[in-house]
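The values are calculated or read from the model by the stated rules, or taken from the named source; none is laboratory data. Keep in mind that this is a model prediction, so the values were computed, not measured. Positions of Cβ are generated from backbone atoms using ideal geometry, with glycine treated the same way; all protein chains shown enter the neighbour counts.
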Amino acid sequence: MSLLGNFSSSSKSRVYLSVTPGVGLEMIQLDLASSSVSNYALRELAYNEMQKDIVDYDNFKNAVADMYAELGIDPKTEVIINMPLVLLGQMQLGLLLPNDAVAGAIQSEIEQTYIFRRVEPVISWLDTPVSGSNAGKETRPVIYAAIQENVVEKLRTALAELGSVLVGIENSLSSTFRALEYMNLTQEQMQPNMTWNLLIVNSTGYSIASMSGKNLIEYYEEPLPIKSYEGDEIYDAIAESVKITLTSYPANYLYVVSDTDQVSSELLVSKLNTTCTVDFLENNSFKKQDSLIPTSLNVIPSYASKISLQAIGCALAEYSDFPLKFSFVSEKVQVADSCKIPIGEHELVVTQSGATKLAIAIGAPIILLLLLISFVMLPNAVSSQQNKSQEIQNKLADISKELDNYGDSPASAGFDLKNEVENGVKANRSKLLNYIAAGDSIPNNVWLTYFMTQGDGLVDIKGESTDVGSVYAFFKNMRDSLIGTKLKLQKLEMDTKSVEAAVAGAGSDYKFEITNMTNDQLTALNNPQPEGEENPEGGENPPAQAPPEGGLMGSEPVQP
């Protein structure tokens with residue numbers, strides 16, 4: 001190990017991944033200075049919630065590689081990944097029981113669960129704060145979590161093949177708590193000695209974490225066949241079950257989070273009959289805000305709404321002091337007691353103490369030489385650098401004076417760089433949203449023949465379809481995606497060569513036009529009059545005007 005090796009780990013950038021069921025595989029980086037997401041990417045990834053494992057690790061590796069390329073991240077980086085919670089439990093052990101005996105007792109307990117009957121676990125545990133009825137007892141309450149050992153190894157191997165190093169694995173419960181704390185959503189609940197419950201609903205049931213401030217006191221899971229219910233049945237079933245469960249966890253507050261698109265937290269709260277203060281958060285498609293957390297311009301708007309609590313909490317793993325922290329990855333550097341260096345036919349054996357003495361012998365003369373240089377040569381060098389610094393300061397003063405004169409000149413009046421940049425970003429963002437909406441909304445049997453979009457929000461779309469229903473479906477999807485654009489179905493007509501063919505229903509397509517432009521704007525767009533040609537009212541027409549700006553980056557509409 002070299003001296004630089006001691007500092008290399010602190011200088012490496014880190015990437016945070018989250019395997020989030022219902023969302024996919026998220027890659028995120030936070031800018032803590034501005035409390036915003038600086039980088040984010042998303043890929044589909046299948047997760048088996050019964051086996052608590054990723055379905056295909058090749059897909060996982062390819063998805064990570066794609067996101068590295070999309071965000072311009074060097075694959076030779078350190079990675080911390082959030083995984084769905086596999087197992088969390090509690091035990092009451094003897095107060096004087098040593099740590100190795102605690103690990104053995106936990107191992108025996110979790111081997112009784114269905115997942116760890118087949119695979120070896122990786123265990124992490126921590127002491128639970130003693131309070132209330134447990135105070136003064138000769139017991140040691142601990143809370144433990146476990147994940148499959150083969151999952152850890154498969155994650156490590158997949159990332160290593162990309163050049164990345166797995167340095168940490170987080171679980172979804174800890175990540176959720178960190179995100180709630182970071183965004184000040186549970187500030188009142190996390191006060192010392194404040195009792196409150198966190199209710200998390202997912203696609204397989206719900207869980208309740210009973211809390212005292214930031215300390216987890218008890219944890220409970222209730223499986224429910226969420227996907228088998230229809231309509232409001234799901235809310236009645238959850239509310240009835242939660243009502244019974246909460247009687248065992250009296251608290252001042254209840255905070256409800258839904259991680260599944262099958263259940264709305266807001267509607268579930270309206271079904272719960274409880275006397276404590278209730279609040280909620282939608283960690284699913286029901287969220288009303290564009291994003292749970294501010295994002296930079298690097299983040300695609302359609303991605304921002306997908307950012308999950310788990311991804312945010314994972315990105316805070318190294319910065320949050322929330323006490324619910326488990327460790328499933330141990331990266332230890334093994335230092336050999338000695339090493340052998342071949343020299344011809346002989347071997348030189350260097351021990352740690354010998355290497356230390358050698359380093360001192362070599363380093364001492366170098367340090368003395370550096371001290372000599374600093375006392376003899378440094379004063380002259382400092383004087384020379386001070387003179388150069390003064391020259392630079394004088395040049396800066398002259399340049400600043402010229403800039404002030406330029407700012408006062410008439411040529412600079414009327415130009416605002418900030419406004420110009422903001423206008424350009426706004427225009428391109430509007431075009432990008434229109435393209436994304438069209439791509440997400442178009443049915444299989446609808447094809448576009450013309451697509452024009454402008455930075456000011458004007459849209460004109462022409463296309464064809466084999467049936468009227470698909471046209472109306474496309475129109476409705478576009479209107480719902482581009483709220484406030486006032487889209488209308490300008491034209492819908494049958495495209496057939498003869499009346500007989502139309503009656504027979506053969507060879508008939510439907511042409512349509514969807515737009516939010518006025519008739520005058522469409523006329524000017526589609527029928528510009530040539531320059532110099534006389535108009536009906538007499539006189540020559542003015543020079544032909546270019547059609548409105550279209551396309552994402554150019555002035556021509558998109559046509560096949």
Seminar exercise, completed: Here, helices (runs of 4 or more DSSP H) confined to the stretch 208-315 with at least 3 residues that are within 27 Å of Ile169 (Cα to Cα) and not aromatic (Phe, Trp, Tyr) are 309-315
Problem set entry | Single unsatisfied condition, Val471 versus (1) outside any helix (DSSP H, G or I); (2) crowded, with 17+ Cβ neighbours inside 10 Å | (1)
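Considering each of Ala158, Ala145 in turn, give the residue that is in contact (Cβ under 8 Å) with a residue 60 or more places away in the chain, more than 23 Å from Glu221 (Cα to Cα) and within 32 Å of the chain's Cα centre (by Cα). Don't jump to the end; show me each part of the working.
Numbers: Ala145 fails: more than 23 Å from Glu221 (Cα to Cα).
Only one candidate qualifies: Ala158.
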Seminar exercise, completed: With the first residue restricted to the stretch 104-128 and required to be at pLDDT below 85, and the second required to be part of a strand (DSSP E or B), Cβ contacts under 6 Å at 6 or more apart or on different chains are Asp127/Val142; Thr128/Pro141; Thr128/Ile143
Exercise. So, of the residues in the stretch 165-178 that are under 17 Å from the mean Cα position of the chain (by Cα) and of a type in the set (Val, Ile, Thr), which turns out to be surrounded by the fewest Cβ atoms within 10 Å (Cβ to Cβ)?
Worked result: Ile169
Exercise. For Arg140, all conditions in the list (1) touching a residue at least 40 places away in the same chain (Cβ under 8 Å); (2) not assigned by TED's automatic domain parsing to the domain that holds Val55 hold save one; what is the number of the exception?
Worked result: (2)
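Tally time: how many residues in the stretch 64-88 are more than 17 Å from Val152 (Cβ to Cβ) and more than 14 Å from the chain's Cα centre (by Cα)?
First, pick out the residues of the stretch 64-88 that are more than 17 Å from Val152 (Cβ to Cβ): 65-77.
Keeping just the survivors that are more than 14 Å from the chain's Cα centre (by Cα) gives 65-66, 69, 72-77.
Result for the stretch 64-88: 9.
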Exercise. Does the stretch 14-51 hold any residues that are under 27 Å from Gly205 (Cβ atoms) and of a type in the set (S, T, N, Q), and which are they?
Worked result: Ser18, Thr20, Asn48, Gln51
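Mind telling me which of the residues Thr485, Thr496, Thr515 ends up being at pLDDT 85 or above, of a type in the set (Val, Ile, Thr) and either surrounded by 11 or more Cβ atoms within 10 Å (Cβ to Cβ) or farther than 15 Å from Ala437 by Cα (or both)? I'd like the intermediate steps shown before the answer.
Numbers: Thr485 fails: at pLDDT 85 or above; Thr496 fails: at pLDDT 85 or above.
Just a single option satisfies the conditions, and that option is Thr515.
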Exercise. Only one of these conditions is not met by Leu267: (1) modelled with pLDDT under 90; (2) aliphatic (A, V, I, L, M); (3) not assigned by TED's automatic domain parsing to the domain that holds Ser35. Which number is it?
Worked result: (1)
